[in-house]
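The values are calculated or read from the model by the stated rules, or taken from the named source; none is laboratory data. Only a predicted model underlies this, so the values are computations on that prediction, with no experimental measurement involved. Every residue, glycine among them, receives a Cβ derived from its backbone with ideal geometry; neighbour counts consider all protein chains shown.
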């Protein structure tokens, strides 16, 4: 039977068999904020009930991931009681010494596992600071920057990622996000001055507004993104 003609019940049954046959021990569902109707701001009950049934039938751990908007799925009380451990994965806080050290260690671990002949020294001072400014300390953007930089290095037969490569990737893909004014990979950029102007509280407030669909309101009010103080 074509999967296009199968009912949700049949597809779920097939999914259960595949998961069991493949010996799946953990399921991670990303982008679960799509269980919420963006227009009506209400939980899609049919979808959340499907998820609840899946959890019961599989009896294996499931991790849900999404933006802050995903919190609304827990208005389904049966889901609410099944996900008691919840964590907000905020961007790395540069003002916090422990998080700053963790950020550098993360970059070094990534660097050690890149498919390049030489280390790119991503955790060194000359690299981790502009990387932080370019990405706002957000892990998804950090990975996007490094992934694209690695591909560019490989395509140009280079042995490591350089500041020049990251500069090119930043200008093409990340600059429009507006985390900092100018290009932090430019040798003339005032990195220390930019780091001193980081406004953590405003940054997190703006990030929350963007993830809870207040972005258009802030855009209409012409409010700047709050990563750096003005």
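Assorted remarks:
- Being surrounded by 14 or more Cβ atoms within 10 Å (Cβ to Cβ) and within 17 Å of residue 95 (Cα to Cα) is a description that does not apply to residue 189.
- The residues on offer are 98, 53, and the sole one that is out of contact with any strand residue (DSSP E or B) (no Cβ under 6 Å at 6 or more places or on another chain) and either in a loop (DSSP other than H, G, I, E, B) or farther than 30 Å from residue 128 by Cα (or both) is 53.
- Scan the range 147-162 for residues that are farther than 11 Å from residue 134 by Cβ and either assigned to a helix (DSSP H, G or I) or within 23 Å of the chain's Cα centre (by Cα) (or both) and the total you get is 9.
- Restricting the first member to the range 152-174 and to residues that are touching a residue at least 24 places away in the same chain (Cβ under 8 Å) and on the phi < 0 side of the Ramachandran plot, and the second to residues that are surrounded by fewer than 14 Cβ atoms within 10 Å (Cβ to Cβ) and outside any helix (DSSP H, G or I), the beta-carbon pairs closer than 6 Å and six or more apart or on different chains are 159/117; 159/118; 160/118.
- Failed item, numbered, when residue 36 is tested on (1) farther than 24 Å from residue 80 by Cβ; (2) at pLDDT below 90; (3) surrounded by 11 or more Cβ atoms within 10 Å (Cβ to Cβ): (1)
- Matching residues in the range 56-85 - criterion: being in a loop (DSSP other than H, G, I, E, B), touching a strand residue (DSSP E or B) at 6+ places or on another chain (Cβ under 9 Å), free of Cβ contacts under 8 Å to residues at least 40 places away in the same chain and surrounded by fewer than 16 Cβ atoms within 10 Å (Cβ to Cβ): 61, 65, 82, 83
- Subset of the range 6-30 [part of a loop (DSSP other than H, G, I, E, B) and at pLDDT 90 or above]: 22, 23, 24, 25, 26, 30
- Scanning the range 163-196 for residues that are within 12 Å of residue 127 (Cβ to Cβ) and assigned to a loop (DSSP other than H, G, I, E, B) turns up 184, 185.
- Members of the range 109-141 found to be buried (at least 17 other Cβ atoms within 10 Å of the Cβ) and assigned to a helix (DSSP H, G or I), listed by number: 110, 111, 127, 128, 129, 130, 131, 132, 133, 134, 135, 141
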